[in-house]
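Contents: one structure, followed by commentary.
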Amino acid sequence: MTDTTPTYSGPMRVFSGVQPTGNLHLGNYLGALKKFADLQKAGHDCLFCVVDLHAITLPVEKGALVSQTRQIAAAFMAAGVDPAKSVIFPQSAVLAHAELAWIFNCVARMGWVERMTQFKDKAGKDAERASVGLFTYPVLQAADILAYKATHVPVGEDQKQHLELSRDIAERFNREYGAPGFFPLPEPMIQGPGARIMSLKDGTKKMSKSDPSDLSRINLIDDADAIANKIKRAKTDAEPIPGTVEGLEGRPEVANLVGIYAALSGQTATSVLAEFEGKGFGAFKPALAEVTVAHLAPITARYRELLADPEGIDRVLADGAERARAVSEPVMQDVRRTVGFWGA
Ligand code: AMP
Ligand code: TRP
């Protein structure tokens, strides 16, 4: 995977989070989970968090958080994150997130948070009735990252604006408290063909957990038949596959399928197009289904295996929480001292 231009030269620490809501899909896998595993394999110091505090900004079905938290932890591991190397933990088990979020609520400006487009999307027409937590959600996200002084954050394209806010908060904290360089300015890692996977039914909408049509997404738990069927029924157009990336312009559905093929087979879109130029979807779709099933089948199998042992997942989460506290608590001690609280 390609990296962002490095503007930070110290040691690298990777942090990312995924909400325990709904089924994970191919967009989550290519935009986030696969990158997590790749970064860990590259030898980086990584923390991967199941962000349950973020999940309660919208209504959650009673009693569902525990099993959904286990599901995300299992998906991290199935995608290749090794809990012996990376820290996998639930956000609510580490108090630093909520504490630092409060301090950051007093650093971030209303105008900055009001610009966040995800709030507008999620709050919908009746923003007055949205929770205050949904509004300050990106401030909590900044706290997640900076409680560990993380420098790099692998996420999908939709998180770009939240990462910019995290940088603004870090910068303002450092300035306001006269502590230059206290927090690093975290770098988003968004590159690559998997950063924005679109709906299989509408190439202008992102693939999403909340889309009412299950045919719009490939879930991490779908079996080979379901995957092949969804790809077969994916929206396309009547033209053959173009030979160049420019030829994908104005053809969002085709661009998306080519992007998925490229991301899963580890190629560029250019080389995929060179292979399929002039062919129709009758040839391309079965090839795409084959690549997708071949890539996801072992992950899905491992995921199911892990889910069958909830105690095993709980041990990983408990151990991860302890390791996460050991990293964030010294940072929080310094934060309290820097802000100037009594006793710090
Ligand atoms: P969420 O499910 O919204 O908590 O997202 C978890 C991670 O998956 C985040 O890093 C998102 O940016 C990423 N993600 C979600 N949907 C997509 C998508 N359609 N394409 C690429 N990445 C995505
Ligand atoms: N907001 C992210 C999403 O919806 C999840 C998230 C919470 C996150 N805290 C984070 C991602 C910290 C990266 C870093 O997908």
Result for segment 163-286: accessible area per residue, probe 1.4 angstrom, in square angstrom, of 46 Å²
Scoring the chain by relative contact order with C-alpha pairs under 8 Å, at least six apart, yields a percentage of 22 percent
Charge tally for neighbours of Pro90 with beta carbon under 11 Å away, counting Lys, Arg as +1 and Asp, Glu as -1, is -1
Expressed in nanometres to one decimal, the distance between label points 7 Å along Cα→Cβ at Lys205 and Leu95 is 4.3 nm
About its Cα centre, segment 83-228 carries a charge dipole, from +1 on Lys and Arg Cβ atoms and -1 on Asp and Glu Cβ atoms, whose size in debye to the nearest 20 is 300 debye
Result row for the chain, helices from DSSP H with C-alpha axial extent 20 Å or more and mean Kyte hydropathy at least 0.0, is 132-146, 281-307
The extension gain from Ser131 to Glu176, computed as 0.36 nm times the residue separation minus the Cα-Cα distance, is 13.3 nm
Length gained if Asp319 through Ala301 is fully extended, taking 0.36 nm per residue and subtracting the Cα-Cα distance, is 4.1 nm
Between Glu114 and Leu215, the two model label points (7 Å from Cα along the beta-carbon direction) sit apart by a distance in nm of 4.3 nm
For the chain, the dipole about the Cα centre with charges only on Cβ (Lys and Arg +1, Asp and Glu -1), to the nearest 20 debye, works out at 340 debye
Carbon plus sulfur, as percent of the 1.4 Å-probe accessible area of the chain, comes to 54 percent
Honestly segment 1-114 on the Cα gyration tensor test (a ≥ b ≥ c root eigenvalues; a/c under 1.5 rounded, otherwise a/b vs b/c for prolate or oblate) is just oblate
Output ordering of 323-330, 100-107, 280-287, 145-152 (per-residue mean of other Cβ within 10 Å, highest first) is 145-152, 100-107, 323-330, 280-287
Mean accessible area per residue over segment 1-143 (1.4 angstrom probe, all protein chains present, square angstrom) is 45 Å²
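The values are calculated or read from the model by the stated rules, or taken from the named source; none is laboratory data. Bear in mind that the values here come from a model prediction, so they are computed numbers and not experimental data. FYI the Cβ positions are ideal-geometry reconstructions off the backbone, even for glycines, and counts take in every protein chain you see. For the accessible areas, the whole protein counts, side chains as well, though only heavy atoms, and no ligand, DNA or RNA atoms are used. Shrake-Rupley method; radii C 1.70, N 1.55, O 1.52, S 1.80 Å.
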